[in-house]
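Please read through the structure below; I'll follow up with questions.
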Amino acid sequence: MYWNETDQFDTAVPDEVVDLVFALDCRQLPVDHAYTLAAALLRVCPWMADEPLLAIHSVHVAGSQNGWERPAHGTANHLQVSRRTKLRVRAPRARVPDLLETLPGTRLEVGDCLLTLGVGTVRSLSQETTLFARHLVAGQTPDAGENAFLDAAVNALAAIEIVVRKALCGKTATLATPQGTILARSLLLANLTTAESLRLQQQGLGPHRLLGCGIFIPHKGIDAVSNT
């Protein structure tokens, strides 16, 4: 854990990178769908692989819903997808017209599930100064602990001129790919400056961005943690 305090200043939100939010027509998806979702989208838009600022958010649903409990992570288990669930793609502004024209109406095979994309909308990045990445690859090995992960993340953030003041990491998760299993952890950063927050959302952190890794989204905050 890292903990420090800083003052905050507002900054104009740039539009060089934005989030595209697409409606979904889908009943279920594999819990571990990062690779199969990326592969399906790359079949439709192969140029995605050559865009360093493009990232594919993993589809996220609530931990439990209507008596349904979220199953263990893995490609054989499935998430129940509601009508409110969306697919999000973080993309450079120059690629927005291509995605909005190509993806709506596209039917994707994601593992053993079918998914149809609906209309897409554009959302600007957030000015929130607490950010969360569900999956981040930073110095991960099977025997690496929390401190090793945090040290690697701090070094990677320093390389893009982001100062870590408050950081919490979560448990290790695994992402299945044909090349082997990827190990990742969640990471929560608080008390960023607005400029740092926007830079981190634009650039992301670490590898495997098309697999949903290193993508930072706004979070409600971790102030309560200081009392525990």
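Taking segment 121-196, which GluC sites (Glu not before Pro) meet the DSSP loop condition and have no more than 13 other C-beta atoms within 10 Å?
GLU161
Let me ask you something else. What is the P(r) of segment 17-123, as percent of Cα-Cα pairs per 10 Å bin from 0?
It works out to 15, 49, 29, 7, 0, in whole percents.
Can you classify segment 69-190 as rounded, prolate or oblate using the Cα gyration tensor, where a ≥ b ≥ c are the square roots of its eigenvalues, rounded means a/c under 1.5, and otherwise it's prolate if a/b beats b/c and oblate if not?
oblate
Run the simple label-point estimate for VAL21 and THR85 please: 7 Å along Cα→C-beta, distance reported in nm.
Placing both labels 7 Å beyond Cα along the Cβ direction yields 1.7 nm.
In a shell of Cβ-Cβ distance under 11 Å around GLY212, excluding GLY212 itself, what net charge do Lys and Arg (+1) and Asp and Glu (-1) give?
+3
Here's something else I'd like to know. What relative contact order, as a whole-number percentage, does segment 131-227 give when Cα pairs under 8 Å and 6 or more residues apart are counted?
Here the relative contact order equals 39 percent.
Here is a further query. Return the distance in nm (one decimal) between the two label points of a simple spin-label model at ASP98 and VAL154, each offset 7 Å from Cα along Cα→Cβ.
3.9
Computed FRET efficiency, Cβ-Cβ of ASP112 and THR181, R0 25 Å: what is it to the nearest 0.05?
Computed FRET efficiency for ASP112 and THR181: 0.80.
So, one more: Send over the per residue convex hull volume for segment 131-227, Cα only, as a whole number of Å³.
Per residue, the Cα convex hull of segment 131-227 comes to 96 Å³.
In a shell of Cβ-Cβ distance under 12 Å around PRO14, excluding PRO14 itself, what net charge do Lys and Arg (+1) and Asp and Glu (-1) give?
Every neighbour counted, the sum reads 0.
Every number here is computed from the coordinates shown, using simple stated rules; none is lab data. Quick caveat: nothing in here was measured; it's all calculated off a predicted structure. Cβ: placed from backbone, ideal geometry, glycine included. Neighbour counts: every protein chain shown.
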